[in-house]
Amino acid sequence: MPPKIPEPTGKTRTDLITAYAAGASLYTLAKQHGVSDGTMGKWLRDWGATKAPVTSDPNVDREEAVRLYTGGASLSTLMRNYGVTRRRMEILFEAWDVPLRTAPDPGEDPRVDREEAVKLYTDGTSAQALAQRYGVNPNRIKRLLQTWGVTLRNRKQAAQYTARARQEARGQALDAYRLFP
């Protein structure tokens with residue numbers, strides 16, 4: 001077992017508290033002083049050290065991030081651009097007084113006409129066809145339909161609808177052929 005490292009005192013203790021309050025991570029401080037981050041955390045707690053609220057990040061350009069976000073960029077995009085976590089971006093925006101956008105209502109999508117989609121689906125149109133019609137993912141259509149109380153068809157029922165639709169299309173084609181020989 002390695003020898004126990006004595007707890008810092010005096011100026012070293014003051015420097016650690018100041019560095020931690022300024023935003024230095026436990027990991028960084030622990031590594032600099034040759035102790036585990038658990039030990040460093042215990043020392044700092046025992047000394048009453050607290051972290052100052054985060055108001056900046058060296059990886060994030062404040063003006064650009066705010067401009068991109070208010071221009072419509074998602075938090076996910078900003079996370080990838082700056083290499084930080086979602087929570088970190090949320091904390092920064094809160095500190096910068098940038099209101100976070102709320103997630104849209106899961107039962108609404110401005111691209112999808114609710115009444116028409118429900119009618120078409122109950123009349124036999126597939127979720128895939130609806131998705132193509134409205135320019136959304138088929139899973140989005142299925143989630144919307146479920147949210148709206150529509151019972152989704154299983155694979156067997158969907159196959160029956162598809163077969164019936166093909167028969168109707170053939171019948172219409174034959175009728176048109178008979179009208180215009």
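Every read-out reported here was derived from the displayed coordinates using simple, explicitly stated rules and does not represent laboratory data. Please read these numbers as outputs of a predicted model, since none were measured by experiment. Virtual Cβ from ideal backbone geometry, glycine too; neighbours counted across all protein chains shown.
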*What's log10 of I(q)/I(0) for the stretch 114-179 at q = 0.22 Å⁻¹, Debye sum over Cα points only, no solvent?*
-0.90
_Coordinate range along principal axes, alpha carbons of the stretch 54-102, Å, largest first_ = 23, 21, 18
*Could you list 180, 93 in order of exposure, starting from the residue whose Cβ has the fewest other Cβ atoms within 10 Å?*
180, 93
*For the chain, calculated [θ]222 nm from helices alone, where every DSSP H run of n ≥ 4 adds -39500 (n - 2.57)*: -18500 deg cm²/dmol
_Label-point separation in nm, residue 14 to residue 63, each point 7 Å along Cα→Cβ_ = 3.8 nm
*Which value in Å does the Kirkwood hydrodynamic radius of the chain take, with 1/r averaged over all unlike C-alpha pairs and then inverted?*
22.5 Å
*Listed residue (120, 83, 69) projecting farthest to the positive dipole end of the chain, Cβ model*: 120
